[in-house]
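Trainee: Sharing a structure with you now.
The values are calculated or read from the model by the stated rules, or taken from the named source; none is laboratory data. All of these numbers come straight from a predicted model, not from anything done at the bench. We place every Cβ from the backbone using ideal geometry, glycine too, and count neighbours over all the protein chains shown.
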Amino acid sequence: MRTRFPLLDTPSPNLQLEANLDNAIAHYFQKRALTLAEIPEYQDLVQRARNIRLDTLNDLPSHLKRFRGVLENAGVRVIEAKSAEEARRAVSDIAKRHDVKRAVKSKSMLSEEVRLNEFLEESGVEVVETDLGELIVQLAKEKPSHILTPCIHKSQREIAELFSRVFKRDVPDEESAIAELARVFLREKFFSADMGLTGVNFGVAETGTLAFVENEGNLRYCALLPRVHVALMGIERIAPDMETLGTLLTVLTLAGTGQRAGAYTTLLSPPEFGRKAPKQGRFFYLILVDNGRSGLLSDPKRRETLACIRCGACLNACVVYRHIGGHAYQAPYMGPIGAILMPGIHPKGTEHLGFFSTLCGACREICPVGIDIPGQLLAVREQFFRHATRSPARGVRYLAFLLASHIGRHPRVASLARRVLRLMLAAPCLKHVLGWGKVRDLPVPASRSFQERFWGDRTDAA
Ligand code: SF4
């Protein structure tokens, strides 16, 4: 039974979303607590992982050079993409070169970042998501709302209803029925695909090894069944050697899903996808994507953000994310990591995300590489204010911020503003005029403010 703070008379307009998030995240915390109870040295591991990530970032160009050198010596085609546009073009050129009609794809936040699916579809390539959560959001024509669990915002019943609609049959609200239908649907796609698209969890500079972590086995199908495999990797996802890779993989799954290891960890070494592959009729391409990362790397105050290993734990810990869900961020990365990464790599229109936080510090506590997320959020806010006067839209937001910060001192003005807003929101189309977007809720303000209620109650009691 959900309890709500009694002074709030405006219930959250999307209780279903909150309930779905609460259920999934409660399960996650339970599992994580059980596993971590067996690992007393976990905090030492976190410290070690943090040092590895920060040291690697401090010397990233030389690690990248080494990594690239090992791969190219083994005959692997490595393509550098400075921007999202270059990354999309590179994949689409490969698709054209190999006459690709259908691509199967495993979960890759980087592909969301560069908007790969839309581009490929426009160039005539059918893209099929093969991670179950990704498939669900693709069929629902939505975007992922969590880094690890893309359909975390949906309940099992909602998924069964979606499958019933899409597959035009009655799908029961049962885990096994949903999974079976997806399995049969995907099997045919795997076997008929010309290209497999994957992300990369880590690339090892010393050996050129590519590490992939997953729980469903679909990534292996994507990497190994089609004749062409294209892997997209952010330039920061480097582990110097196999030993450091071991530490990073351990904290990744412990923090992300509470597992000691992912169900499938795949390590591909250059000989497997280097010179040998084309002789067997198979082709591999690695696309190293920068897309704003070099800029972030060159800022010593903000570089730490790139230490992220995309475990998704900070989303689960964030009270703001848990209340509004991932779609409200309107960005490929959401939650605390989205709020610090997006303004770093793509500042235009994302700097306001720095305010999607209470700065409570729960994200820093849970982060397996100890990123000072609240500190980074403050740096993003500083960046926002530095730019606030440079564009009219930002200026308006800045004025709104100042007004909201000081309105509490002027109760009459606040009361008038509340009444005007209540009137405006009576017409649903005005929500859009107010610019809050299609995916965010704009609740009607309470008829009496917190202060009026609080002091009113005190007066009554006296
Ligand atoms: S910031 Fe930390 S907790 Fe959040 S996704 Fe990245 S590694 Fe995980």
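Trainee: Out of I52, I94, which single residue is within 24 Å of the chain's Cα centre (by Cα), among the β-branched types (V, I, T) and at pLDDT 95 or above?
Mentor: Every option except I52 fails the conditions.
Trainee: Condition test on T253, is it closer than 26 Å to I39 by Cα, modelled with pLDDT of 95 or more, touching a helix residue (DSSP H, G or I) at 6+ places or on another chain (Cβ under 6 Å) and not acidic (D, E)?
Mentor: For T253, the condition - closer than 26 Å to I39 by Cα, modelled with pLDDT of 95 or more, touching a helix residue (DSSP H, G or I) at 6+ places or on another chain (Cβ under 6 Å) and not acidic (D, E) - is not met.
Trainee: Out of L341, L353, which single residue is closer than 26 Å to E85 by Cα, in contact with a helix residue (DSSP H, G or I) (Cβ under 7 Å, 6 or more places away or on another chain), near the ligand (Cβ under 10 Å from one of its atoms) and among the aliphatic types (A, V, I, L, M)?
Mentor: Within the list L341, L353, the selection yields L341.
Trainee: Can you name every one of the strands (runs of 3 or more DSSP E) wholly within region 44-150 that holds 2 or more residues which are in contact (Cβ under 8 Å) with a residue 24 or more places away in the chain and in contact with a Gly (Cβ under 8 Å, 6 or more places away or on another chain)?
Mentor: Output list reads 102-105.
Trainee: Regarding region 272-294, can at least one residue be identified that is touching a residue at least 24 places away in the same chain (Cβ under 8 Å), under 18 Å from the mean Cα position of the chain (by Cα) and within 13 Å of the ligand (Cβ to nearest atom)?
Mentor: The answer is no, given that none of the residues of region 272-294 is touching a residue at least 24 places away in the same chain (Cβ under 8 Å), under 18 Å from the mean Cα position of the chain (by Cα) and within 13 Å of the ligand (Cβ to nearest atom).
Trainee: Q330 fails exactly one of the following numbered conditions: (1) within 14 Å of the ligand (Cβ to nearest atom); (2) under 12 Å from the mean Cα position of the chain (by Cα). What is the number of that condition?
Mentor: (1)
Trainee: Of everything in region 151-167 that's of a type in the set (S, T, N, Q) and part of a helix (DSSP H, G or I), which residue is nearest to the ligand (Cβ to nearest atom)?
Mentor: Ranking the candidates gives Q156 first.
Trainee: Tell me whether region 269-291 contains one or more residues that are more than 26 Å from D194 (Cα to Cα) and at pLDDT 95 or above.
Mentor: yes
Trainee: When only residues in region 79-93 that are surrounded by fewer than 19 Cβ atoms within 10 Å (Cβ to Cβ) and not basic (K, R) count, which is nearest to R293 (Cα to Cα)?
Mentor: Restricting to residues being surrounded by fewer than 19 Cβ atoms within 10 Å (Cβ to Cβ) and not basic (K, R), the top hit is S83.
Trainee: Taking region 200-227 as the search range and keeping residues that are surrounded by 23 or more Cβ atoms within 10 Å (Cβ to Cβ) and not hydrophobic (A, V, I, L, M, F, W, C), which one is nearest to V251 (Cα to Cα)?
Mentor: N201
Trainee: Which of the residues spanning region 120-142 are at pLDDT 95 or above and in contact with a helix residue (DSSP H, G or I) (Cβ under 7 Å, 6 or more places away or on another chain)?
Mentor: Residues satisfying the conditions are L120, V125, V127, V128, E129, T130, D131, L132, L135, I136, L139, A140.
Trainee: What is the residue count in region 318-328 for residues that are crowded, with 24+ Cβ neighbours inside 10 Å and assigned to a helix (DSSP H, G or I)?
Mentor: Residues in region 318-328 being crowded, with 24+ Cβ neighbours inside 10 Å and assigned to a helix (DSSP H, G or I): 2 in total.
Trainee: Scan region 348-361 and give yes if some residue there is in a loop (DSSP other than H, G, I, E, B), of a type in the set (F, W, Y) and not assigned by TED's automatic domain parsing to the domain that holds V228, otherwise no.
Mentor: yes
Trainee: Could you list, ordered by first residue, the pairs with Cβ atoms under 6 Å in which the first is in region 299-317 and in the same structural domain as M109 (by TED's automatic domain parsing) and the second is outside any loop (DSSP other than H, G, I, E, B) and more than 7 Å from the ligand (Cβ to nearest atom), at least 6 apart or interchain?
Mentor: none
Trainee: Okay, moving on. Residue under question is L267, and the condition is that it be buried (at least 22 other Cβ atoms within 10 Å of the Cβ) and touching a residue at least 24 places away in the same chain (Cβ under 8 Å); does it hold?
Mentor: Judged against the criteria, L267 is not a match.
Trainee: Is it the case, given these coordinates, that A255 is buried (at least 22 other Cβ atoms within 10 Å of the Cβ), more than 18 Å from the chain's Cα centre (by Cα) and within 16 Å of the ligand (Cβ to nearest atom)?
Mentor: So A255 does not fit the description; no.
Trainee: Among the residues that make up region 226-248, is at least one of them at pLDDT below 95, away from the ligand (no atom under 16 Å from the Cβ) and touching a helix residue (DSSP H, G or I) at 6+ places or on another chain (Cβ under 9 Å)?
Mentor: no
Trainee: Of all residues in region 297-306 being crowded, with 22+ Cβ neighbours inside 10 Å and over 23 Å from L71 (Cβ atoms), which is nearest to the ligand (Cβ to nearest atom)?
Mentor: Restricting to residues being crowded, with 22+ Cβ neighbours inside 10 Å and over 23 Å from L71 (Cβ atoms), the top hit is T305.
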